[in-house]
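So the structure is just underneath, and the comments pick up after that.
The values are calculated or read from the model by the stated rules, or taken from the named source; none is laboratory data. A quick note: this is a predicted structure, and the numbers were derived from the prediction, not measured. For neighbour counting, all protein chains shown are included, and Cβ atoms are generated from backbone atoms with ideal geometry for every residue, glycine included. What goes into the accessible areas is simple: the full protein's heavy atoms, side chains included, and nothing from ligands, DNA or RNA. Shrake-Rupley method; radii C 1.70, N 1.55, O 1.52, S 1.80 Å.
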Amino acid sequence: MAGPQNCYRFRVGDYRIIYEIHDVVLLVLILAVGDRKEIYR
């Protein structure tokens with residue numbers, strides 16, 4: 001999954017959460033939640 005420079009990932013069990021942080025407006029945007037094997041497809 002290609003994304004902006006402020007894109008982060010977090011592993012929770014068998015799942016991966018892809019998110020962005022926007023400090024200017026104090027916003028955390030969840031981009032995707034899915035199985036670790038398929039999240040980047």
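Quick check: at a probe of 1.4 Å, how many percent of the accessible area of the chain sits on carbon and sulfur atoms? The partial results should precede the final answer.
On the way: 1950 of 3590 Å².
Of the solvent-accessible surface of the chain, carbon and sulfur hold 54 percent.
Dipole orientation for the chain: of the candidates HIS22, TYR40, PHE10, TYR40 has the Cα lying most toward the positive pole (charges on Cβ; Lys, Arg +1; Asp, Glu -1). The fraction of all Cα pairs in the chain landing in successive 5 Å bins from 0 to the largest distance is 6, 24, 30, 21, 12, 5, 1, given as whole percents. Each residue was assigned an accessible area with a 1.4 Å probe, and for TYR8 the value is about 110 Å².
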